[in-house]
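Undergrad: One structure follows; several queries about it will come next.
The values are calculated or read from the model by the stated rules, or taken from the named source; none is laboratory data. No experiment lies behind these values; they were computed from the predicted model shown. Note: ideal-geometry Cβ built from the backbone for every residue, glycine included; neighbour counts use all protein chains shown.
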Amino acid sequence: MATFRSAAALLSTDGTRTPGTAALFTEPGKRGGTPPWAGDFRPATDAGGPKNAVGKTFTLELPDGRTGKVVVQGIKTGKGGITLALMGEDVAPF
């Protein structure tokens, strides 16, 4: 299981860019298939976060320019701010 944690940005279809931190992981693929990947995204404190994001598709951009499509599965609110639960589509960008 590969893991990745770094600064990242979440890009919406209208071009809005939300900086933050991504913590991502992959799971073993099934018989040569594309390994599924998922993780969390925590928007920077001053960035807020995308509104009504659950169920919407975004582009996750990593610091080196690699990107991956993600769907927001849920939003958690806590002491540290909000956390978006992500499910990746296609090949993991890390």
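Undergrad: Return yes or no: is Gly33 among the small types (Gly, Ala, Ser) and either at pLDDT below 85 or exposed (fewer than 12 other Cβ atoms within 10 Å of the Cβ) (or both)?
TA: Answer is yes for this residue.
Undergrad: Mind checking which residues of segment 67-94 are touching a Leu at 6+ places or on another chain (Cβ under 9 Å) and among the charged types (D, E, K, R)?
TA: Lys69, Lys76
Undergrad: Residues that are surrounded by 15 or more Cβ atoms within 10 Å (Cβ to Cβ) and among the polar types (S, T, N, Q): does segment 40-54 have at least one?
TA: No, segment 40-54 contains no residue that is surrounded by 15 or more Cβ atoms within 10 Å (Cβ to Cβ) and among the polar types (S, T, N, Q).
Undergrad: Does at least one position in segment 63-77 carry a residue that is surrounded by fewer than 10 Cβ atoms within 10 Å (Cβ to Cβ) and either modelled with pLDDT under 90 or assigned to a strand (DSSP E or B) (or both)?
TA: Checking segment 63-77: at least one residue is surrounded by fewer than 10 Cβ atoms within 10 Å (Cβ to Cβ) and either modelled with pLDDT under 90 or assigned to a strand (DSSP E or B) (or both).
Undergrad: Just name the residue that is farthest from Ile82 (Cα to Cα) out of those in segment 21-42 that are assigned to a strand (DSSP E or B) and among the charged types (D, E, K, R).
TA: The extreme case among them is Asp40.
Undergrad: Quick check on this structure: which one of Ala53, Ala47 is in contact with a strand residue (DSSP E or B) (Cβ under 9 Å, 6 or more places away or on another chain), modelled with pLDDT of 80 or more and part of a loop (DSSP other than H, G, I, E, B)?
TA: Result: Ala53 is the single residue among Ala53, Ala47 that is in contact with a strand residue (DSSP E or B) (Cβ under 9 Å, 6 or more places away or on another chain), modelled with pLDDT of 80 or more and part of a loop (DSSP other than H, G, I, E, B).
Undergrad: Quick one: which residue in Thr34, Thr83, Thr59 is under 15 Å from Arg5 (Cβ atoms) and among the hydroxyl-bearing types (Ser, Thr, Tyr)?
TA: From the options Thr34, Thr83, Thr59, the qualifying one is Thr83.
Undergrad: State yes or no: is Gly48 free of Cβ contacts under 8 Å to residues at least 12 places away in the same chain and small (Gly, Ala, Ser)?
TA: Criteria not met by Gly48.
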